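Engineer: Attaching a single structure in structure tokens format; questions to follow.
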Amino acid sequence: MKILVMCGAGMSSSVLMKHMATYAAEHGRDCALDACSETTAKYGAADGYDIVLIAPQIAFMKDAITPYLNGTPYLMIPPLDYGRQNSAHIFQLIDETLADAQ
């Protein structure tokens, strides 16, 4: 599974991405994670990803970002999970989002 984590500058999402990669490795989840800033959305940043995770600090931009996702499923990361780097719950939400998208 290819996961893109999107935030304002791509910095805090990089931290979350590292936590998620560690969790995935420890729990046998096969995934590739990348991080980017919201400004790259309009340049096809989500192309080729299975899901895009949108950080809470750019939640207000959802309506501007989602048209550029070209149908790629997305998940608005809950602020508490983002702040606590709660990879277990974020992966649970990813699974639910992808199941709903099918």
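Engineer: Just subtract the alpha-carbon distance of residue 2 and residue 70 from 0.36 nm times their residue separation and send over the number in nm, one decimal.
Structural biologist: Values: separation 68, 0.36 × 68 = 24.48 nm, distance 1.54 nm.
So the extension gain works out to 22.9 nm.
Engineer: Between residue 47 and residue 15, what FRET efficiency follows from the Cβ-Cβ distance if R0 is 41 Å, with the result rounded to 0.05? Please report the intermediate quantities before stating the final value.
Structural biologist: Values: r = 24 Å, r/R0 = 0.59.
Here the calculated transfer efficiency is 0.95.
Engineer: Once the chain is represented by equal point scatterers at the alpha-carbon sites, with solvent omitted, what log10 I(q)/I(0) does the Debye formula produce at q = 0.20 Å⁻¹?
Structural biologist: Each listed q corresponds, in turn, to -0.97.
Engineer: Something else about it: Work out the charge dipole of the chain with +1 on the Cβ of Lys and Arg and -1 on the Cβ of Asp and Glu about the Cα centre, then indicate which of 15, 48, 4 is farthest towards its positive end.
Structural biologist: So the residue we want is 15.
Engineer: Please give the FRET efficiency for residue 39 paired with residue 80, using the beta carbon to beta carbon distance and R0 = 30 Å, rounded to the nearest 0.05. All intermediate terms of the calculation are to be shown ahead of the outcome.
Structural biologist: Details: r = 26 Å, r/R0 = 0.86.
After rounding to 0.05, the efficiency reads 0.70.
Engineer: Can you sort 61, 11 from fewest to most other Cβ atoms within 10 Å of each residue's own Cβ?
Structural biologist: Least to most surrounded, the residues fall as 11, 61.
Engineer: With +1 assigned to the C-beta of every Lys and Arg and -1 to the C-beta of every Asp and Glu, and no other charges, what is the dipole magnitude of the chain about the Cα centre in debye, to the nearest 20? Don't skip to the end; give the middle numbers.
Structural biologist: Details: 6 positive and 11 negative charges, 53 e Å.
For this selection, approximately 260 debye.
Engineer: Same structure, new question: Got a sec? How would 69, 75, 53, 80 order by Cβ neighbour count within 10 Å, fewest to most? Don't skip to the end; give the middle numbers.
Structural biologist: On the way: 69 20, 75 17, 53 26, 80 10.
Ordered by Cβ neighbours within 10 Å, fewest first: 80, 75, 69, 53.
Engineer: As I understand it, the value is the acute angle between the Cα axis of helix 87-101 and the longest principal axis of the Cα atoms of the chain; what does it come to in degrees, rounded to 10?
Structural biologist: Here the helix axis deviates by roughly 60 degrees.
Engineer: Which one of 58, 87, 70 is farthest out on the positive end of the charge dipole of the chain, using unit charges on Cβ (Lys, Arg +1; Asp, Glu -1) and the Cα centre as origin?
Structural biologist: 58
Engineer: Quick one: compute the contact order of the chain, relative version, from alpha carbon pairs under 8 angstrom and 6+ residues apart, as a percent. Please report the intermediate quantities before stating the final value.
Structural biologist: Numbers: 159 pairs, mean separation 30.7, N = 102.
After rounding, I find 30 percent.
Engineer: Sticking with this structure for a sec: Kindly put 4, 98 in sequence by how many other C-beta atoms sit within 10 Å of each C-beta, fewest to most. List each step's numbers first, then the result.
Structural biologist: Details: 4 26, 98 14.
Final ranking by Cβ density, sparse to dense: 98, 4.
Engineer: Between residue 96 and residue 22, take the C-beta separation as r, use R0 = 22 Å, and let me know the FRET efficiency to the nearest 0.05. Before the final figure, lay out each step's value.
Structural biologist: Numbers: r = 22 Å, r/R0 = 0.98.
It comes out at approximately 0.55.
Bear in mind that the values in this text are calculations on the coordinates, not laboratory data. Because the structure is a prediction, the values reported are computed rather than measured. Neighbour counts run over all protein chains shown; Cβ positions are idealised from the backbone, glycine included.
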